[in-house]
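**Student:** First the structure, then my questions, so here it is.
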Amino acid sequence: VPACVQNTAVDADGSRAQSAPQQVQMTQMAQTNQMVPMPQMDLPRTQLRAGRARMQVQIASTAHQLQTGLMHRREMPADEGMLFVFPQAGVQCFWMKNTLLPLTAAFIAADGTIVNLADMQPLSEQNHCSAQPVPYVLEMHQGWFKRQGIRPGMKVRDAQGHLFKAVR
């Protein structure tokens, strides 16, 4: 919605001179004093591997990080994604509200086994759920797992060995 702004300048003699009104575009967000949503870019990172593929991932583990995920992200490098680490295993369901990139979610068991994969469309509110309780979900660009030959039953590992503990 355009707004009219009057600019005032001060002449050399100290008197004020009025300039012609200018048309200035204001966003709906600015008019309502709402914060412009920003993507999460500063989360902790780690390297994961599955088969021969390696990926750099941000780790979302707090309630806010888990809820926000990859929302509002306009771009992401090809071999980068986000690993969601939940406090306990459960049937995890994801949707794509406010998520602009098409993604594939890998639902991962505690030992790193990929349980199932789900392709998700941008801005969709359709739920995509794990086939069984899992503590991890890995989101990558849609089609990334397929291009790498990664499928359910395969294992995901982290370079440091801190995630994906063997089930005893």
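The values are calculated or read from the model by the stated rules, or taken from the named source; none is laboratory data. Computed from a prediction, not measured in an experiment: that's the story for all the values here. Please note: Cβ atoms are built from the backbone with ideal geometry, for glycine as well, and neighbour counts cover all protein chains shown. Accessible surface areas use protein heavy atoms only, side chains included; no ligands, DNA or RNA. Shrake-Rupley method; radii C 1.70, N 1.55, O 1.52, S 1.80 Å.
**Student:** Take the conditions touching a residue at least 12 places away in the same chain (Cβ under 8 Å), more than 18 Å from residue 44 (Cα to Cα), open to solvent by 80 Å² or more (accessible area, probe 1.4 Å) and in contact with a helix residue (DSSP H, G or I) (Cβ under 9 Å, 6 or more places away or on another chain) and apply them to residue 74. Does it pass?
**Tutor:** Criteria not met by residue 74.
**Student:** Something else: Output yes when any residue across segment 130-138 is of a type in the set (Gly, Ala, Ser) and open to solvent by 50 Å² or more (accessible area, probe 1.4 Å), and no when none is.
**Tutor:** yes
**Student:** Within the set of pairs 6 or more residues apart or between chains, which connect a residue that is closer than 21 Å to residue 39 by Cα inside segment 92-119 to a residue that is among the charged types (D, E, K, R) and open to solvent by 20 Å² or more (accessible area, probe 1.4 Å) with Cβ atoms less than 7 Å apart?
**Tutor:** 95/125; 97/125; 100/74; 104/119
**Student:** Now for a separate question. Counting only residues that are aliphatic (A, V, I, L, M) and more than 14 Å from residue 82 (Cα to Cα), which one in segment 139-162 is surrounded by the most Cβ atoms within 10 Å (Cβ to Cβ)?
**Tutor:** Here the answer is 150.
**Student:** Say whether the condition of being surrounded by 19 or more Cβ atoms within 10 Å (Cβ to Cβ) and polar (S, T, N, Q) is met by at least one residue in segment 101-108.
**Tutor:** Taking every residue of segment 101-108 in turn, at least one turns out to be surrounded by 19 or more Cβ atoms within 10 Å (Cβ to Cβ) and polar (S, T, N, Q).
**Student:** Follow-up question, since we're still on this one. Across segment 135-159, what is the number of residues that are charged (D, E, K, R) and either under 10 Å from residue 103 (Cα atoms) or touching a helix residue (DSSP H, G or I) at 6+ places or on another chain (Cβ under 6 Å) (or both)?
**Tutor:** Result for segment 135-159: 1.
**Student:** Go through segment 57-71 residue by residue and tally those that are open to solvent by less than 30 Å² (accessible area, probe 1.4 Å) and either in contact with a helix residue (DSSP H, G or I) (Cβ under 7 Å, 6 or more places away or on another chain) or part of a strand (DSSP E or B) (or both).
**Tutor:** Within segment 57-71, residues that are open to solvent by less than 30 Å² (accessible area, probe 1.4 Å) and either in contact with a helix residue (DSSP H, G or I) (Cβ under 7 Å, 6 or more places away or on another chain) or part of a strand (DSSP E or B) (or both) number 3.
**Student:** With the structure loaded, tell me whether residue 122 is loosely packed, with under 15 Cβ neighbours inside 10 Å and in contact (Cβ under 8 Å) with a residue 24 or more places away in the chain or whether it fails that test.
**Tutor:** Considered against the rule, which asks whether it is loosely packed, with under 15 Cβ neighbours inside 10 Å and in contact (Cβ under 8 Å) with a residue 24 or more places away in the chain, residue 122 comes out as yes.
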